[in-house]
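Here is the structure we will look at, set down as structure tokens.
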Amino acid sequence: MTLALRTRLTVFYTLVFDVLHDGSNAGEQALAVDYDAVVLDLMLPGRSGFEVLRDIRARKAEIPVLILTAKASVEERVAGLDGGADDYMAKPFALAELSARLRALLRRGHPRESILKLADLELDSIRRIVRRRGNRIELKPKEYALLEYLMRNSGRAVTKTLIIEHVWNIHFDSISNVVEVHINSLRNKVDRGFIPELIHTVRGVGYMLTDTPP
């Protein structure tokens, strides 16, 4: 089983994560989504954890990876760490220790960019200021969080499910139109009166922030 952590929080029990049971899908998922950390089992069906780890390190070297596996020999630990893992835990394990190790990895993980830019749109994630063509745009907290998520995934279509789990930190509710409401609000503030439009609907998929229409 591989866990990919979505949200950088200090309490393990409130982390949002995706659970993948097949190594054939785990690598692509880890590369496609902006995760903060990966908890990786070595004994996965389809592809081994070592193969998944090599894929991650080849294309997203900054993601912290903790191996959590029943393989506990010194040789296997050394192989995992030499293969690119940031930490290694053997089963059985204490949840409190896993939580502490993940917090340590996230504290020293690769810092995210503080200034995000796309075309003439700029977001300062430290001061939480958004400007377009030099003009400041006032956003409500969830509008800002949604825009930051879209900007960190610019050029990539993200689904409504991913948005609601990242921005609202809850499981997807197919009845809710909260994403559509906030997307429309963002379009009114970020795109109206500007060229090019940056927020696009990808039919059958979700939404994408890009200066090149998909």
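The values are calculated or read from the model by the stated rules, or taken from the named source; none is laboratory data. A quick note: this is a predicted structure, and the numbers were derived from the prediction, not measured. Neighbour counts run over all protein chains shown; Cβ positions are idealised from the backbone, glycine included.
For segment 72-82, which residues satisfy the criterion of being crowded, with 16+ Cβ neighbours inside 10 Å and in contact with a strand residue (DSSP E or B) (Cβ under 7 Å, 6 or more places away or on another chain)? Let's see the steps before the verdict.
Step one: filter segment 72-82 for residues crowded, with 16+ Cβ neighbours inside 10 Å, giving 76-77, 79-80.
Matches in segment 72-82: Arg77, Gly80.
Taken over segment 50-69, the criterion of being closer than 22 Å to Arg103 by Cα and not polar (S, T, N, Q) is satisfied by Leu53, Ile56, Arg57, Lys60, Ala61, Glu62, Ile63, Pro64, Val65, Leu66, Ile67, Leu68. The set of residues in segment 184-207 being aliphatic (A, V, I, L, M), surrounded by 11 or more Cβ atoms within 10 Å (Cβ to Cβ) and at pLDDT below 95 consists of Val202, Val205. Checked against (1) under 25 Å from Ile163 (Cβ atoms); (2) out of contact with any His (no Cβ under 8 Å at 6 or more places or on another chain); (3) at pLDDT below 85; (4) surrounded by 15 or more Cβ atoms within 10 Å (Cβ to Cβ), Val38 meets all criteria but (3). The set of residues from segment 63-88 being over 10 Å from Val39 (Cα atoms), free of Cβ contacts under 8 Å to residues at least 24 places away in the same chain and either in contact with a Lys or Arg (Cβ under 6 Å, 6 or more places away or on another chain) or not in a loop (DSSP other than H, G, I, E, B) (or both) comprises Val74, Glu75, Arg77, Val78, Leu81, Asp82.
What about Asn177, is it modelled with pLDDT under 90, closer than 20 Å to Asp36 by Cβ, surrounded by fewer than 16 Cβ atoms within 10 Å (Cβ to Cβ) and of a type in the set (S, T, N, Q)? Break it down stepwise before answering.
On the way: modelled with pLDDT under 90: yes; closer than 20 Å to Asp36 by Cβ: no; surrounded by fewer than 16 Cβ atoms within 10 Å (Cβ to Cβ): yes; of a type in the set (S, T, N, Q): yes.
Considered against the rule, which asks whether it is modelled with pLDDT under 90, closer than 20 Å to Asp36 by Cβ, surrounded by fewer than 16 Cβ atoms within 10 Å (Cβ to Cβ) and of a type in the set (S, T, N, Q), Asn177 comes out as no.
The one condition from (1) within 19 Å of His166 (Cα to Cα); (2) at pLDDT 75 or above; (3) among the polar types (S, T, N, Q) that Ser73 does not meet is (1). Is it true that some residue in segment 143-165 is closer than 19 Å to Ile199 by Cβ, over 15 Å from the mean Cα position of the chain (by Cα) and buried (at least 19 other Cβ atoms within 10 Å of the Cβ)? Looking for residues that are closer than 19 Å to Ile199 by Cβ, over 15 Å from the mean Cα position of the chain (by Cα) and buried (at least 19 other Cβ atoms within 10 Å of the Cβ), one finds at least one in segment 143-165, hence yes. If only residues of segment 103-127 that are modelled with pLDDT of 85 or more and not in a strand (DSSP E or B) are counted, the one that is nearest to Ala37 (Cα to Cα) is Ala119.
The number of residues in segment 128-148 being free of Cβ contacts under 8 Å to residues at least 40 places away in the same chain and assigned to a helix (DSSP H, G or I) comes to 4.
Taking the condition within 23 Å of the chain's Cα centre (by Cα), under 20 Å from Ala30 (Cβ atoms) and modelled with pLDDT of 85 or more, does Arg47 pass? Against the criterion (within 23 Å of the chain's Cα centre (by Cα), under 20 Å from Ala30 (Cβ atoms) and modelled with pLDDT of 85 or more), Arg47 does not qualify.
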